[in-house]
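Beneath this line is the structure, given in structure tokens, with notes to follow.
The values are calculated or read from the model by the stated rules, or taken from the named source; none is laboratory data. Not measured: the values here are computed from a predicted model. Every residue, glycine among them, receives a Cβ derived from its backbone with ideal geometry; neighbour counts consider all protein chains shown. SASA here: full protein model, heavy atoms, side chains in, ligands and nucleic acids out. Shrake-Rupley method; radii C 1.70, N 1.55, O 1.52, S 1.80 Å.
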Amino acid sequence: MSAKEDSMRIRRKLRNLPEKLVQAMTNANDENADDLAGVARTLVRQGATGRARAAIRAFSFGREGAVVDFGPLSKILEGGTKQRTTKDGKNRGRSPAFPFVNPALKATKARRRKRIRDAVRKSIRDG
């Protein structure tokens, strides 16, 4: 099953859930995205301009979910770069890896799971 088919199947199931449960899940997803973005902002290496930290944002799409954008510099910071040279042969150096996305995911994993689990339990219990 492709990711698109899987996503469509999940969306169909969510449409059939009671509105209270959907709202609880939506709120929990939004909180998870904000939490993940906050931890990533703390872990990202602070440069002279602060662009990498300022670029990390969380977006909510309501029932469709939430997305965390780690910014345009995240790939370079997360994985580092190899030795680079220009066409003229000038050395542009290399950059070591400064991981912050995966450590943020790992640090928030238990909280994110608990938040979703608690939201589902509370909405089911409250009926």
Leaving ligands, DNA and RNA out of it, work out the accessible area of Thr49 with a 1.4 Å probe and give it in Å² to the nearest 10.
-> 110
Calculate how steeply helix 19-43 sits against the longest principal axis of the alpha-carbon atoms of the chain, using the helix alpha-carbon long axis, and give the answer as 0 to 90 degrees to the nearest 10.
-> 20
Could you give the angle, 0 to 90 degrees to the nearest 10, between helix 3-16's Cα long axis and the longest principal axis of the Cα atoms of the chain?
-> 30
When the Debye formula is applied to the Cα atoms of the range 6-56, each taken as the same point scatterer, what base-10 log of I(q)/I(0) results at q = 0.29 Å⁻¹?
-> -1.03
Check Thr81: other-chain or 5+ apart residues with amide H under 5 Å from its amide H, H built from backbone geometry?
-> Ser95
Could you look at the chain and say what percent of its accessible area is carbon and sulfur, using a 1.4 Å probe and all protein chains?
-> 54
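Compute the length gained on full extension between Arg51 and Arg92: take 0.36 nm times their separation in residues and subtract their Cα-Cα distance, giving the result in nm to one decimal.
Working: separation 41, 0.36 × 41 = 14.76 nm, distance 2.05 nm.
This chain segment gains 12.7 nm when fully extended.
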May I ask you to list the aspartates and glutamates whose Cα is less than 20 Å away from that of Lys13, ignoring any residue fewer than eight positions away on the same chain?
-> Glu5, Asp30, Glu64, Asp118
Sort 116-122, 29-35, 87-93, 98-104 for me by packing, meaning the mean count of neighbouring Cβ atoms within 10 Å per residue, highest on top.
-> 29-35, 98-104, 116-122, 87-93
In whole Å, largest first, the alpha carbons of the range 33-127 cover along the principal axes 69, 23, 21
With every protein chain kept in place and a 1.4 Å probe, the chain has an accessible area per residue in Å² of 72
